[in-house]
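K.L.:
Pasting a structure below so you can have a look.
The values are calculated or read from the model by the stated rules, or taken from the named source; none is laboratory data. Because the structure is a prediction, the values reported are computed rather than measured. Cβ placement follows ideal geometry from the backbone for every residue including glycine, while neighbour counts extend to all protein chains displayed. Heavy atoms of the whole protein, side chains included, go into the accessibility calculation; ligands, DNA and RNA do not. Shrake-Rupley method; radii C 1.70, N 1.55, O 1.52, S 1.80 Å.
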Amino acid sequence: MSVIQAEQLTKTYRRKTALDDVSFSIPEHTITGLIGRNGAGKTTLLKTAAGFIRPSAGSLHVDGEPSFDNLQVSANSIFIDESMNWPAALSLGELLQEGKRFYENWDETLPETLFDYFGLNKKDIHKKLSKGKKSTFNMIFGLAARCPVTLLDEPMTGMDAAVRSDMFRVMLKEYIAHPRTIILSSHHVEEVEELLEDVILIDEGRIQLHVSMDDMREKLIGLTGEQTLLTQWTKRHQVLHSASAAAGEEYVIVENDFSEAERREMSQNGITLSTVPPVQAAVYLTAKKERSIDDVLERR
Amino acid sequence: MSSNVVNRTTAIGRLFTFKCRAFTEILSSLLLLQLFAVLLSSTIFSTVTTSTFQEGFDVTMDTYSSDFVIVFTMLWGFLCSLNITTKAYREDDFLFVTNRLTSHLSTILFLCAVSAAGGITAALSGFLIRVLAYYIHDNVILSTAFGPGLFLTGAAAAAGYVLLSTAAGYLAGIIIQWHRAFKLLIPAVVIGLMSLRGADIAEQFRSFLYLESFFPMFAVKVFGMLVLVFGAGLLFAKRLEVRQ
C-alpha cells in the first residue's frame with residue numbers, strides 16, 4: 001500500500017521551478033533516501049509532503065488525503081529539519097511534554113534513555129544548544145513522536161561523525177521496533193547507505209531515478225583497462241566519468257546495461273569491472289558535464 | 001497506516017494550552033508595562049483642570065485614572081499580536097499537530113485570553129493609582145463610589161479595547177506576510193490618514209465606541225469589529241503558504 005503518492009506535482013516560486021512534474025509513490029514501512037544536490041528540490045518535496053507548501057499543480061496525497069494544510073496529515077506526520085524554531089520559554093523537558101500532548105503514539109522512554117547518552121539535559125533551552133545538539137534533540141523528538149510518516153530533512157546537520165553513526169543506529173532500531181514510513185534526505189548518504197531500502201534521486205526539480213538501493217548499486221559500472229579497448233566497449237554509452245588509472249590504463253564509469261556474456265567477454269579482454277557505490281553513482285548521474293568544477297577552473 | 005484521528009476542537013485546545021505555556025514572556029512584559037504606566041499615571045500623567053472663580057480663587061483638580069494604563073495596554077496588545085505573526089512565533093505550531101485554521105483560531109483564543117488579563121489588570125490598576133496618588137500627593141482625595149458592577153463593565157470595556165488593538169496588530173502582521181513592502185506601507189498609510197483626517201477618524205471612533213454608554217450595545221459593536229478584523233485576517237492568511 002502506498003502511503004505517499006505524488007502525481008504530476010509541480011511547485012513554482014516566482015522565479016524558479018522547485019518541483020517539475022514529479023510523480024512517485026512510496027510504500028508503507030520503508031526508508032527512502034532522498035538524494036540530490038543543493039537546490040535540487042529535496043526540501044520542497046518534503047515540506048509539500050508535510051503539508052506546509054501548496055502545490056502549484058498536481059497533487060500529493062498522504063494516506064489518501066491531500067497533504068496541504070491538512071490536520072489529519074499533520075497528526076500523522078512529522079517534519080524534522082535544522083531550522084526547527086522551538087519556543088525559547090520552554091526547556092527541552094517541557095518540549096517533550098508538549099510532544100506527548102500532541103502526538104498520540106508518543107514514546108516517553110526513548111528520550112529518557114537517549115538524553116543522557118547524547119549529553120542533553122532536560123533543563124536546557126534549545127536555542128542555547130550547539131548546532132549538533134540541536135539536531136540531536138530534533139531527531140530524538142522526531143523519533144519519539146512515532147508518526148506513521150516521518151520526514152527527515154538533513155537531520156544530522158552539525159553532528160559529529162560519532163553521534164551521526166549512533167543516531168543512525170537509533171533510527172534503525174526504532175524503525176525495526178516500530179515500523180513507519182521514513183523519507184530521509186542527507187548529504188551523508190554513504191553513512192546511511194545500509195539503512196536505506198529505496199532511493200529517490202532528484203535533480204533540478206525532477207525525479208531522475210526512484211529505485212531500490214540494490215538496483216542503485218547495479219545502476220552504474222566502473223571499467224578499468226586500455227583506452228582503445230574501453231572506447232570500443234563504451235561506444236553506445238555516455239561516459240559519466242573518466243580518469244586515468246595506473247599503468248597507462250583508464251577508468252571510466254558508464255551505465256551498467258551489459259549482458260552477462262558481455263561482462264564475461266570484457267573480463268577476458270583484460271578489463272577490470274568494479275561496482276560504483278550508490279553515493280558516487282548519484283553524483284555522476286546528476287553531474288552536468290559542462291559544469292564540472294575542473295572544467296570551470298581550467299577555463300579561467 | 002494506523003491513522004491517528006484528531007478533531008479540530010482538540011487540536012485548538014492543545015495549541016491554546018501550548019501557547020499559554022510558551023508565550024509567557026508576553027504576560028511578563030504586560031506586567032512590567034502596566035507597572036510603569038501606573039507609576040506615570042499616579043505621578044505626572046494626571047488630567048489637570050483648573051477652575052477660576054469670580055471671587056479670585058482657583059480650584060485645581062487633578063484626575064487620576066487608569067485611562068493611561070489602558071492606552072498603554074492597547075499599545076502592548078497591538079505589538080504583541082504583531083509579534084505573534086512573525087516567523088519566530090507563527091511557525092511554532094507547526095512543530096506539533098495543526099493546520100492553518102486551528103493555528104489561527106488558537107492564536108485568536110490566546111489573544112482573547114491575554115486581552116482579558118490585560119483588561120482586568122488595567123481596571124484593577126485604577127485602585128492602585130488612587131492609592132499611590134493618595135500617598136504621593138498631599139491633597140484632598142475625592143473619589144466616586146465604586147461598585148463591583150461598574151468595575152466589571154470597566155474591566156470588560158478595557159479588555160474589549162485591548163482585544164481590538166490585538167486584532168489590528170494581527171491583521172497588520174498577516175498583511176505584512178504577503179509582502180514585506182507592507183511593513184512600510186501600513187505605517188505610511190496610517191500616519192498619512194491620521195495627519196489628513198485624524199480629527200475626523202478620532203471623532204468617528206469616539207462617537208461610535210467611546211461615547212457608547214449602553215454596555216451591551218458597546219459589546220455588540222466591539223464584537224462586530226472583532227469579527228470583521230479577525231475575519232479579514234483569516235481570509236488574507238488563506239492565500240499564504242502554511243510554513244515557508
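K.L.:
For the stretch A:183-231, which positions are farther than 23 Å from A:TYR251 by Cβ and of a type in the set (Lys, Arg)?
P.N.:
Within the stretch A:183-231, A:ARG206 is the sole residue that qualifies.
K.L.:
Let me ask you something else. Only one of B:LEU39, B:LEU27, B:LEU31 is within 14 Å of another protein chain (Cβ to nearest Cβ) and either of a type in the set (Ser, Thr, Tyr) or not in a loop (DSSP other than H, G, I, E, B) (or both). Can you tell me which? Please lay out each step first, then the result.
P.N.:
Numbers: B:LEU39 fails: within 14 Å of another protein chain (Cβ to nearest Cβ); B:LEU31 fails: within 14 Å of another protein chain (Cβ to nearest Cβ).
It is B:LEU27.
K.L.:
Cβ-Cβ distance below 7 Å, separation of 6 or more or different chains: which pairs start in the stretch A:115-143 with a residue that is in contact (Cβ under 8 Å) with a residue 40 or more places away in the chain and in the same structural domain as A:GLU154 (by the TED database) and end on one that is in a helix (DSSP H, G or I) and among the β-branched types (Val, Ile, Thr)?
P.N.:
Pairs that qualify, where the first residue is in contact (Cβ under 8 Å) with a residue 40 or more places away in the chain and in the same structural domain as A:GLU154 (by the TED database) and the partner is in a helix (DSSP H, G or I) and among the β-branched types (Val, Ile, Thr), are A:PHE118/A:THR136; A:PHE118/A:VAL163.
K.L.:
Which one is modelled with the lowest pLDDT among residues in the stretch A:144-168 that are farther than 19 Å from A:LEU129 by Cα and small (Gly, Ala, Ser)?
P.N.:
A:SER165
K.L.:
Can you say whether B:LEU226 is of a type outside the set (S, T, N, Q), open to solvent by less than 30 Å² (accessible area, probe 1.4 Å) and assigned to a loop (DSSP other than H, G, I, E, B), as far as the supplied structure shows? Walk me through it before giving the result.
P.N.:
On the way: of a type outside the set (S, T, N, Q): yes; open to solvent by less than 30 Å² (accessible area, probe 1.4 Å): yes; assigned to a loop (DSSP other than H, G, I, E, B): no.
Against the criterion (of a type outside the set (S, T, N, Q), open to solvent by less than 30 Å² (accessible area, probe 1.4 Å) and assigned to a loop (DSSP other than H, G, I, E, B)), B:LEU226 does not qualify.
K.L.:
To continue, here is another question. Out of curiosity, is B:ALA123 at pLDDT 80 or above, part of a helix (DSSP H, G or I), over 25 Å from B:THR43 (Cβ atoms) and not β-branched (Val, Ile, Thr)? Spell out the reasoning first.
P.N.:
On the way: at pLDDT 80 or above: yes; part of a helix (DSSP H, G or I): yes; over 25 Å from B:THR43 (Cβ atoms): no; not β-branched (Val, Ile, Thr): yes.
No; evaluated as a whole, the condition is false for this residue.
K.L.:
Moving on to the next point. How many of the residues in the stretch B:48-85 are modelled with pLDDT under 85 and assigned to a loop (DSSP other than H, G, I, E, B)?
P.N.:
8
K.L.:
Does B:LEU15 satisfy being free of Cβ contacts under 8 Å to residues at least 40 places away in the same chain and within 27 Å of B:TRP178 (Cβ to Cβ)?
P.N.:
Details: free of Cβ contacts under 8 Å to residues at least 40 places away in the same chain: no; within 27 Å of B:TRP178 (Cβ to Cβ): yes.
No: the conditions fail for B:LEU15.
K.L.:
Just one of (1) surrounded by fewer than 20 Cβ atoms within 10 Å (Cβ to Cβ); (2) away from chain A (no Cβ under 14 Å) trips up B:ALA123, so point out which.
P.N.:
Condition (1) is where B:ALA123 drops out.
K.L.:
Follow-up. Tell me, which residue of the stretch A:222-246 that is under 14 Å from A:LEU273 (Cβ atoms) and in a strand (DSSP E or B) is most open to solvent (accessible area, probe 1.4 Å)?
P.N.:
Step by step, filter the stretch A:222-246, then rank; the result is A:THR224.
K.L.:
Here's another thing I want to ask about it. Which of (1) of a type in the set (Ser, Thr, Tyr); (2) farther than 30 Å from A:ARG101 by Cβ; (3) surrounded by 13 or more Cβ atoms within 10 Å (Cβ to Cβ) is the odd one out, the single condition B:SER51 does not satisfy?
P.N.:
(3) is the only condition that B:SER51 fails.
K.L.:
For A:PHE52, are the conditions met, namely being touching a residue at least 24 places away in the same chain (Cβ under 8 Å), aromatic (Phe, Trp, Tyr) and either open to solvent by 10 Å² or more (accessible area, probe 1.4 Å) or more than 29 Å from B:THR17 (Cα to Cα) (or both)? Even if it seems obvious, please write down each step before you answer.
P.N.:
Numbers: touching a residue at least 24 places away in the same chain (Cβ under 8 Å): yes; aromatic (Phe, Trp, Tyr): yes; either open to solvent by 10 Å² or more (accessible area, probe 1.4 Å) or more than 29 Å from B:THR17 (Cα to Cα) (or both): yes.
The answer is yes for A:PHE52.
K.L.:
Taking the condition in contact with a Ser or Thr (Cβ under 7 Å, 6 or more places away or on another chain), surrounded by 16 or more Cβ atoms within 10 Å (Cβ to Cβ) and under 17 Å from A:GLY51 (Cβ atoms), does A:LEU120 pass? Break it down stepwise before answering.
P.N.:
Numbers: in contact with a Ser or Thr (Cβ under 7 Å, 6 or more places away or on another chain): yes; surrounded by 16 or more Cβ atoms within 10 Å (Cβ to Cβ): yes; under 17 Å from A:GLY51 (Cβ atoms): no.
So A:LEU120 fails the test.
K.L.:
Output the number of the condition that A:SER130 fails; it satisfies all remaining conditions of (1) among the polar types (S, T, N, Q); (2) within 14 Å of chain B (Cβ to nearest Cβ); (3) farther than 21 Å from A:LEU34 by Cβ.
P.N.:
Looking at each condition in turn, A:SER130 falls short on (2).
K.L.:
Restricting to the stretch A:169-204, what's the tally of residues that are outside any strand (DSSP E or B), open to solvent by less than 60 Å² (accessible area, probe 1.4 Å) and modelled with pLDDT of 90 or more?
P.N.:
6
K.L.:
Those residues that are open to solvent by less than 50 Å² (accessible area, probe 1.4 Å), more than 9 Å from every other protein chain (Cβ to nearest Cβ) and not hydrophobic (A, V, I, L, M, F, W, C), I need them from the stretch B:65-101; list them, please.
P.N.:
Listed by number, the residues that qualify are B:SER65, B:SER66, B:THR73, B:GLY77, B:SER81, B:THR85, B:ASP93.
K.L.:
Somewhere in the stretch B:149-164, is a residue open to solvent by 90 Å² or more (accessible area, probe 1.4 Å), under 26 Å from B:PHE223 (Cα atoms) and out of contact with any strand residue (DSSP E or B) (no Cβ under 7 Å at 6 or more places or on another chain)? I'd like the intermediate steps shown before the answer.
P.N.:
Taking the stretch B:149-164 as the starting set, the residues that turn out to be open to solvent by 90 Å² or more (accessible area, probe 1.4 Å) are B:150, B:152.
The next check asks that each one be under 26 Å from B:PHE223 (Cα atoms); those that pass are B:150, B:152.
Narrowing further to those that are out of contact with any strand residue (DSSP E or B) (no Cβ under 7 Å at 6 or more places or on another chain): B:150, B:152.
The answer is yes, given that some residue of the stretch B:149-164 is open to solvent by 90 Å² or more (accessible area, probe 1.4 Å), under 26 Å from B:PHE223 (Cα atoms) and out of contact with any strand residue (DSSP E or B) (no Cβ under 7 Å at 6 or more places or on another chain).
K.L.:
Looking only at the stretch B:203-214, count every residue that is loosely packed, with under 15 Cβ neighbours inside 10 Å and part of a helix (DSSP H, G or I) and tell me the total. Please lay out each step first, then the result.
P.N.:
We begin by selecting, within the stretch B:203-214, every residue loosely packed, with under 15 Cβ neighbours inside 10 Å; these are B:203-208, B:210-211, B:213-214.
Cutting the leftovers down to part of a helix (DSSP H, G or I) gives us B:203-208, B:210.
The qualifying residues number 7.
K.L.:
Which ones in the stretch A:26-49 are of a type in the set (S, T, N, Q) and open to solvent by 50 Å² or more (accessible area, probe 1.4 Å)?
P.N.:
Result: A:ASN38, A:THR43.
K.L.:
Related question: For the stretch A:93-127, which positions are more than 23 Å from A:SER165 (Cα to Cα) and not charged (D, E, K, R)?
P.N.:
A:GLY93, A:LEU95, A:LEU96, A:GLN97, A:GLY99, A:PHE102, A:TYR103, A:ASN105, A:TRP106, A:ILE125
K.L.:
Let me ask something additional. Can you tell me which residue within the stretch A:157-168, out of those that are in a helix (DSSP H, G or I) and of a type in the set (A, V, I, L, M), is least open to solvent (accessible area, probe 1.4 Å)? Don't jump to the end; show me each part of the working.
P.N.:
As a first pass, look at the stretch A:157-168 and keep what is in a helix (DSSP H, G or I): A:161-168.
From the residues that got through so far, the ones that are of a type in the set (A, V, I, L, M) too are A:161-163, A:167.
Values: A:ALA161: 60, A:ALA162: 65, A:VAL163: 35, A:MET167: 0 Å².
Here the answer is A:MET167.
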